[in-house]
Structure formats: C-alpha cells, structure tokens
Amino acid sequence: MIDQQARIRMTYAKIGNLRFIGHLDLQRLFERALRRTNLPLKYTQGFSPHLRVNLASALPLGFIGEAEQMDFWLEEPIPLSEIAERLRVSLPKELVLKDLQSIDNQKPSLQAALLSSAYEIVLPSDTNQTEIQTRISDLEAQPALPFQRRKKTVDLKDLIISWQLSERAGELILKIEMKSTPLENGRPDEFLSLLNIDPADCVIVRTKLTFLEE
Amino acid sequence: MQNLKSIDLEKILYHVEKPGRYVGGEHNQVLKDWDSVRSHVCLVFPDIYDIGQPNLGLAILYDILNKQPDILAERAFAPWHDLETEMRQKHLPLFSLESKRPLAAFDIIGISLPYESLYTNALNILDLSGIPLLSSQRNSEHPLIIAGGQACFNPEPMADFFDAFVIGEGEEVTPRVVRLYDLLKSSGKDRSEILIALSQVPGVYVPSLYEVAYAQNGTISDVMPKFSAVPSFVTKQIVPCLPPHPTKLIVPNVETVHDRLSIEIMRGCTRGCRFCHAGIVNRPVRERPIDEILQIIEDGLTATGYEEIGLLSLSSSDHTQILELTKAVYERFHDRKVFVSLPSLRIASFSVELMDELRELRPGGGFTLAPEAASPRMQTIINKPLDNAVFEETVRTIFEHGWLSLKLYYMIGLPGETMEDVQAILDAGKRVLAIGRQLRGNRVKIHLSVGNFIPKPHTPFQWYPLNSTEELQTKLDLLKEGTRRTGIKLSYNIPDSTLLEAWLSRGDRRLGQVILRAWQLGAKFDAWGENDNMPLWRQAFEDVGLNPDFYAFRERPLDEILPWDHLHTGVTKAFLRRDLEWSKQGRTRGDCREQCYACGILDAFGKVRPVSPLVYWGCP
C-alpha cells in the first residue's frame, strides 16, 4: 500500500510580500494551494484528516528563500510535468515553483536530513567595507560568540560553518553558511546583531539548503 | 501620487507582530493597473485584518466593484498598535494592501460599519490617512468618505464624519454611487453640488444636508432637509434577488477568524423576534436556490482550496430546501475532505437531523442553540416561543446523536424580566445537564452563554431603557452563584461593556462630539475587551457636556421623534408600535411566511418583487 504513494519534493522560492508570512501560515497556504490543484493528495488518517506536507525548515520572517524545499504525497503517481502545470496555476505569485522530483518513500524526512543553510546578505548601503571586515575578524578572534536567544544562550561560533565578504555591483554582500539541524540552528540575523547591524536594514536571502548525502 | 517607498514599509514590517496582515498578495487578490480605470475605491474594515478580512459584505463589494472595468477596489484595515506607533513616528500614512497607496490617493473610501464599537477605529483610520475627520473640513482634494453596514441604519452618531451613508444592501447602490461621483467630479461640480446630487440616489443618506432641532428636554423636535432637492427621508435599498455570490474569495495568508468559504444561503428572517435588529432590517427573506448554492461551493472550493465551508443565514433551518441541501452537500462533497458548518439552527429535532445528514463533514465541537429566554413568559414577550417538550426533545436528540457538549445562548435584561425569569435560565441549564448526564454520563459539558440585552433601533423594543448596571449585576450574580460547582460553564459580559453599544446604537448626532473626544482621549479598538476604554468614554461625555444616561436608561415615549426615524427600513413605525403592544399583552406573532402581518415591507418593495417563482421571497 505504502509503495503506491508518490512522494513529491518541491523546490520553491519565497519572495516579495510572502517573506512576511510565518512558517505555520505558510504550511496552511501550501495545503490550500495543493487542494486547488485537484491532484489526488494524500491525507492523514483519522477524524480530522490533514494534508500530508513536510517543509524542510522554517524560514524566518522577512527572509527571502531562493531554494526552499518541501515534500507532499499523492495517492498515486502523476507525471511531474502535470503536477508542475497545476501548481503554477494554484500557487500565489510570490511562491515560485523551481523544481519537482519524485522521491523514494524510504528516504528520511527533509528535516531529519537537513545539515546547513547558506545565506546571502546584502548589507546596508552605508556599511564601510574595511570597518565591517575588521569587526568580523575581531569576532573571529574570540573563543566564543555567546548570544542570548530567549531563555538560553547559544554560541554562534559553533553554528557558523563559513563566511565571506564580497562586493557585487556596488553592494556589500556577506555570504554565510550556518548549521540547520534539529538540534543546532543558526540564524544569520543573530550574527548581524553581533555586528551591530539591524537585520531590517539588510536583504537576507537563503540561497541553499544542504542535506545529508545517502 | 506615489505608492509608499516599499523599503520604508519593509523595514517597519520586520519589527511588527504578524506582518503578513499588512502586505496583501493573497491568492485571488485583484490588483488592477491604477491608470487603467476611472474610479479608485478603497474598502476599509476598521479592525485588524484578522477580524475584517473574513467579512462577507466586504468580499461581496470587492467582487462587484472589481468586476466593473472602469472601477478598481482595494482593501485597508486598521493597523495593530505596534504598526500604528511606527507609522506615526515615521509619518507613514495608512496604505491599501494591493498597491500600497496611501488612502488619500483614492477617489472614494468606503468604510464598513457593522457594529458600533468600530466607530473610534474609523476615526483613527481617517486620521492615520491624513484626512480631516469632519466632513465639513474636507474639500474636493479629499476622497469621498462613505459608510455602509448594519450599524448605518442609525448612522446619526457618525453623521459628522461621513459624507454619505449607504442605507441597506450595497450591491446595486455602491457601483452607482461610484460612477455618479466620477461623473460629477469630472464635470467640475463642487463638493456641495456633489453631495446634493448624491442625496437623490435612492438609499444614499447625506447627513450634512439635514438640520436637526432639539427640544428643551434634549429630545429631537424636528429633522429637516436643508434644500428642497433633498428627500425628507431615505428608504433602504434591497436587491430583489440575491446577486451572484463571489467564489474567487481572497484566501488570507495569515490566520483569521472564520477562515473558511462563507456562503450566504439566505438573507433575512421571518420569525420576528422582537429584540432582533437583523430580523427587521434585513427583510424580506430571500433564498438562494439549492442548485446555485451547490455550484457556489464547487466553484468556491476550486478557487480557494478551503477545507471548511460555512453556510450562513440568520436562521438556516428555515431555508425551504435545507434538508435537500444538506443531503446534496454530503453527496457531492464528502470525498473532498471538507468540513461544513451550519450555524443558526432552530431548536427542533429537525436541526439535529440536518447536522446528521452532513455526518463526518460536520466540524468537531459542540452543538449550539439559542433559546434567548427560558421562562414561557419571557419567551412570549420577545416572541421566541419554545415549547418545553420540544426543547427537551431536541436536547435529548443532540446527546443521542453523539454530541457531548452543548452551548446555550440566553439574554438577560430583557423588557419586563424578573429574577424568576433569570432563575429559569439556570433551571434550564441544570435540566439540560441532567438530560445529558443521564444519556452520556459525566463527559457532558453545558455552556451557558449569557448576553445583556441592548435595545436596538428599528425594533419593537427600540423605546425601552437598558437595564441598569445594578440590575444586570444582580441577575449575573444569581447566575454565577447558581452555576458554581454544577459543571455548567457560564460566560457573560460585564454590565459596563454593554453601555457603549447602548449609547451609540440609539444615539443622535450630538454623540459625534463624544466619539471624537473619546478618540482624542485614546479610545480605539473598543470591540476588544482587553483595553477597557470606559473611563475615556465617561470622560468624553463629561467634556462634551452630555448625559450618557439620556441615551441608555431613558424610556422613550412612543410619540418621540427618534434620531433614525427619517431612515426607513420598509417596516413601519406603526407596525413596531403594534408589535410592542402585542408584547405587552402577552401575544405572540407567528412566522410571517404563514401569514402576512403587514409590517410594511411589501408596501415598500412589493413593486420590485420578482415575478419568477424560482426566486423565493418569504412573504406570502
């Protein structure tokens, strides 16, 4: 029975106004968009059936996502081209379908396999390159970067995998890759706060999700 | 005019709670090219998005206006405190969700006023838009500010702030007003000429064109049009046949109340409960045929992806085809994984049968009944008679059919109510609990929800005073004491919270100063119990020099000129007086589908009644 189900992995971009839609709202938005496709969707069992959807990782409010991923299930296999066609009609304009794949049902969930997230941050236009470079180097020299996250303190140093400052078309770009596992999740806006930069003044784009290889 | 520099807005949105409320971009939003149309209308619901967006009236007008090639309609809502603070600090005007344009850039702003506790928010919205609050202070540079909705059957307290009110159903009048305004404006007419012309459109009330005179005792002595071209009274407008229902409803991106596919299956009610404002002002009853409803569900689900449908009316079990409808809804949609809610059911086993037809489509949770009064005497006074055997039979059926929780709506403070009548509510609750426990054991939950009666304009009870705060408190105390440790849950409103609605719903236009003053003192979001604005309102009355008790606690003589007498619902004042008399005599009035009681509706609207037997009107 379970083998009949088709597991579909969708890669999508979350842009524009939809950046301001939170994770739970996005989940409901996907459920309704999927229902509009009229595809034979897989529902959970029970008195209050829900669509089976699985989002890889919550994207913080205000961030753009260029390559977000989610899984959903169909009762039976349908050609990917047809799924894509129906999704393009039913998705809001600011959720852009990038890719669809059929995925083996035995593979681990997106959340379980997620390792890290890569971000590109356009820094505020008044940022001085030398100054910011120095500040980052200062932070790097410290043994730990404690950050107060609600009730607990996290060490951002543990969460940052790599970073790189560059210039593109007159804008300062900070590329940063951070851990995104269920236990350790890095947030680039926290790193910006340590640099005394208001994340609201930046454009923050999650460019890539990296998963555990089989 | 430029739209807001998006970067300013985005930076602010980064810091506010639930920013998805403010960005629009939902599925089925209509975004037209600004320059491609002649008229730009901003539809406003003066509460936050979460409350306003699901409003079906707003959705209907949005749909109708955007279907016109020469008109665009966008939406705006009240910002929550956090965004308002930021906007005021940064001098950012309130903007529409679709194009993010400031409201002042629109030709017309149409504000929905379904209830009185939104009045201060309406003022706040004009202020946040940089638009003068008083109609008299606005000129041809400013948008036309109009309102519609159920509270506008007595718009007098808001008369100072609005250029015009649409009285009654807006489906046909609204596009007419938009086009006429465009025509007048483009032909260079000045503001006063425009207002006089608008006042001649049936259903449009321009308050500034009427002079109100007061007697020594503070009551109204006369209401006179200022010009001969202005009609001496305005009769509400109706649509003879319910127009096509919107199906491409906007699907909110953030969670809202009533987040579902709402479908109006019937308008109006023939039962004649004497306290009920909606029952009078929405006459005559017009039904949507079952086939049309099924098609709306089909199209609506396809267009929205909603997982829940709400079949709305004032009294769902009175739809002549309701049983067939529930059967057909189950047949056609049971494999679509949808829930169907059917609120406003009458107290009869038949209602349980209807819910049974929906089987697994009905949402979880309890069953709700609204007896409103518990003693036979009170039931007669309010004209909502309920045979006790029928009540208990219905309750038994509800428990036998699987429900474990039952919510009962009652009112206290009704005319002529005694403590015995209040005790009867308690007794009813206990009886229902006993029946439930006998059938289903201790898992049964009974919830008594008790509201305070507020006399409403245009109803047979419009002359009655509001119960005093002390009386209401004594009655509530009895209920609180009586439900303690019984397993019955009691919910109620504190007596003070009913005062605002009581003052404003039967107020005259002098209250405009009080509303303005209350807003200046900081009153807004009056519908939200959490910020108790009562001290501000009392202060406002004092500052303006008006006595609030005059509006709430005074019994009006039957020959008094009431502030809303020049606004006609089609139901005559003579009928209301007669019905009040019947109430005092202990006479009930039957369902008016069985027999016409000459309320006046057929005299007012009989000539537009469709001749087709396919269009159902409740009147015989």
Response to the item:
For B:LYS607, the lysines lying under 16 Å Cα to Cα, once residues fewer than eight places off in the same chain are dropped, come out as B:LYS236
Response to the item:
Between the modelled labels at A:LEU195 and B:GLN473 (7 Å from Cα along Cα→Cβ) the distance in nm is 6.1
Fill in: Amide N of region A:23-64 lying under 19 Å from the label point, which is placed 7 angstrom from the Cα of B:ASP299 along Cα→Cβ
A:36-38
Worksheet, complete the sentence: trypsin sites (Lys or Arg not before Pro) in region A:72-157 lying in a DSSP loop, each with at most 10 other Cβ atoms within 10 Å of its Cβ, come to A:ARG150, A:LYS151
Worksheet item: Can you give the mean number of other chain Cβ atoms that lie within 10 Å of the Cβ atoms in peptide B:249-255?
Response: 5
Discussion item. Lone cysteines in chain B, defined as no other cysteine's Cβ under 4.7 Å from theirs: which are they?
Written reply: B:CYS42, B:CYS152, B:CYS241, B:CYS269, B:CYS592, B:CYS596, B:CYS599, B:CYS619
Response to the item:
Mean projected area, convex hull of alpha-carbon positions in region B:179-282, reported to one decimal in nm², is 12.2
Discussion item. Using a 7 Å offset from Cα along Cα-Cβ at B:THR320, what residues in region B:258-297 end up with backbone N under 13 Å from the label point?
Written reply: B:285-290
Worksheet entry | Number of partner chain Cβ atoms within 10 Å, mean per residue of A:16-26 | 6
Worksheet item: Straight-line reach from A:LYS42: which lysines have a Cα under 18 Å away, not including same-chain ones fewer than 8 places off?
Response: A:LYS107, B:LYS337
Worksheet, complete the sentence: In Å, the Kirkwood hydrodynamic radius from C-alpha pairs for region B:6-235 sits at 18.3
Fill in: FRET efficiency, 1/(1 + (r/R0)^6) with R0 41 Å, evaluated for B:TYR597 and A:SER48 via beta carbons
0.35
Worksheet item: Taking only DSSP H segments of four or more residues, each worth -39500 (n - 2.57), what value at 222 nm results for the protein assembly as shown once the sum is divided by all its residues, to the nearest 500 deg cm²/dmol?
Response: -9500 deg cm²/dmol
Discussion item. Quick check: residue separation of B:TRP34 and B:VAL390 times 0.36 nm, minus the Cα distance between them. What number comes out in nm?
Written reply: 122.3 nm
Worksheet entry | Per-pair calculated FRET efficiency, R0 = 25 Å: B:THR85 and B:MET534 via Cβ, rounded to 0.05 | 0.60
Worksheet entry | Cβ-defined net charge surrounding A:GLN69, 14 Å radius [Lys, Arg +1; Asp, Glu -1] | +3
Worksheet item: By how many nm would the segment from B:SER497 to B:ALA229 grow when fully extended, if each residue of separation counts as 0.36 nm and the alpha-carbon distance is taken off?
Response: 92.3 nm
Worksheet item: Of all trypsin sites (Lys or Arg not before Pro) in region B:270-367, which ones are in loop regions per DSSP and have a Cβ with at most 11 other Cβ atoms within 10 Å?
Response: none
Response to the item:
Taking max minus min of the Cα coordinates of the protein assembly as shown on each principal axis, largest first, gives extents in Å of 88, 68, 55
Worksheet item: Which of the peptides A:105-118, A:37-50, A:4-17 is most tightly packed, and how do the rest follow, going by the mean number of other Cβ atoms within 10 Å of each residue?
Response: A:4-17, A:105-118, A:37-50
Fill in: Kirkwood Rh and Cα Rg combined as Rg/Rh, chain B
0.95
Worksheet, complete the sentence: Expressed to one decimal in nm², the mean projection of the alpha carbon convex hull of region B:443-529 is 8.0
Practice prompt. At a Cα cut-off below 17 Å, give the lysines reachable from B:LYS584, other chains included and same-chain residues fewer than 8 away excluded.
Written response: B:LYS384, B:LYS573
Worksheet item: Quick one: A:PHE147, B:PHE95, fewest Cβ neighbours within 10 Å first, how do they rank?
Response: A:PHE147, B:PHE95
Worksheet item: Using 17 Å as the cut-off for backbone N distance, which residues of region B:559-579 belong to the label zone defined by a point 7 Å from the Cα of B:ARG587 along Cα→Cβ?
Response: B:572-579
Fill in: Per-residue Cβ neighbour rank within 10 angstrom, fewest leading, B:HIS401, B:HIS447
B:HIS401, B:HIS447
Discussion item. Against the empirical 2.2 N^0.38 Å scaling, what ratio does the C-alpha Rg of region A:113-211 come to?
Written reply: 1.05
Worksheet item: Based on the Cα coordinates of region B:316-471, what is the per residue volume of their convex hull in Å³?
Response: 133
Practice prompt. Please list B:347-353, B:177-183 highest first by mean number of surrounding beta-carbon atoms within 10 Å per residue.
Written response: B:177-183, B:347-353
Response to the item:
Here the FRET efficiency for B:GLU400 versus B:LYS327, based on Cβ atoms and R0 = 22 Å and rounded to 0.05, is 0.60
Item to complete: From the C-alpha gyration tensor of region B:315-377, pull out the three semi-axes of the equivalent ellipsoid (sqrt of 5λ each), sorted largest to smallest, in whole Å.
Response: 25, 13, 8
Fill in: Distance in nm between pseudo-label sites at B:THR418 and B:ASP8 (7 Å out along the Cβ direction from Cα)
6.6
Worksheet item: In percent, how large is the relative contact order of chain B, given Cα pairs closer than 8 Å and 6 or more residues apart?
Response: 14
Discussion item. Lysine pairs in region A:124-214 with Cα distance under 19 Å, only those 8 or more apart or on different chains: how many are there?
Written reply: 5
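Every number here is computed from the coordinates shown, using simple stated rules; none is lab data. Keep in mind that this is a model prediction, so the values were computed, not measured. Cβ sites come from the backbone with ideal geometry, for glycine too, and all protein chains shown count toward neighbours.
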